[in-house]
Amino acid sequence: MDTPTKTKLKLYAACFILVAALPLALKAAPAPADDDFFIHLHDPRAMANVTVSAVHAGTVDIVIQLETVEELPLKAQAVTVTLSNPDKGIAPVTIQAQRTADDQWSAKMAASGAGRWNIGLSITLAPANTVNIASPILIN
């Protein structure tokens, strides 16, 4: 077989694998509810998919999925979550997230009202290697 034919076969095989895996990928990540807030945070060393869900008045669930910059699952030693709302005079509150899978973490935190908040993640990859990423979010 000549090289162009081999290259085409490899390309077809790669496409087949991607298409075959698509239903599994879609099933693994359920769509957020209408009142959930989703954000993708990234740094040159790590990425995080974060979903914030209002549980009941004053409490939110935060689910974090960590990835490498190549979009592969990222195992971390620890993750802390910080919520603050400086517009309402609410000082930052930080808690330790709980591991739910190798690359997934969750936290339940108090949020005294809907509106614009700030979320920060501190992701410890190794004892001297921590990634800090932050962004504004909306809590409904």
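Would you mind counting up the charge near residue 131? Only other residues with Cβ under 9 Å from its Cβ, with Lys and Arg at +1 and Asp and Glu at -1.
Details: positive: 45; negative: 43.
Neighbour charge sum, excluding residue 131 itself: 0.
Sorted by accessible area with a 1.4 angstrom probe, largest first, how do 116, 99 fall? Show your work: numbers first, answer last.
Working: 116 140, 99 110 Å².
Final ranking, largest accessible area leading: 116, 99.
With each label point set 7 Å from Cα along the Cα-Cβ vector, what nm distance links residue 134 and residue 110?
About 2.1 nm separates the two model spin labels.
Rounded to the nearest 10 Å², what accessible area does residue 94 have for a 1.4 Å probe in the complete protein model?
Number for this one is 80 Å².
Given the Cα-Cα distance of residue 68 and residue 42 and 0.36 nm per residue of separation, how much length would full extension add, in nm?
Numbers: separation 26, 0.36 × 26 = 9.36 nm, distance 0.93 nm.
This chain segment gains 8.4 nm when fully extended.
Given R₀ = 22 Å, what would the calculated FRET efficiency be for residue 82 paired with residue 61, taking r from the Cβ atoms and rounding to 0.05? Could the numbers behind the result be given before it?
On the way: r = 16 Å, r/R0 = 0.72.
Computed FRET efficiency for residue 82 and residue 61 comes out at 0.90.
The values are calculated or read from the model by the stated rules, or taken from the named source; none is laboratory data. None of the values given here were measured: they were computed from a predicted structure. Glycine gets a Cβ as well: all are built from the backbone with ideal geometry, and neighbour counts include every protein chain shown. Heads up: the accessible areas ignore ligands, DNA and RNA and are worked out on the full protein's heavy atoms, side chains in. Shrake-Rupley method; radii C 1.70, N 1.55, O 1.52, S 1.80 Å.
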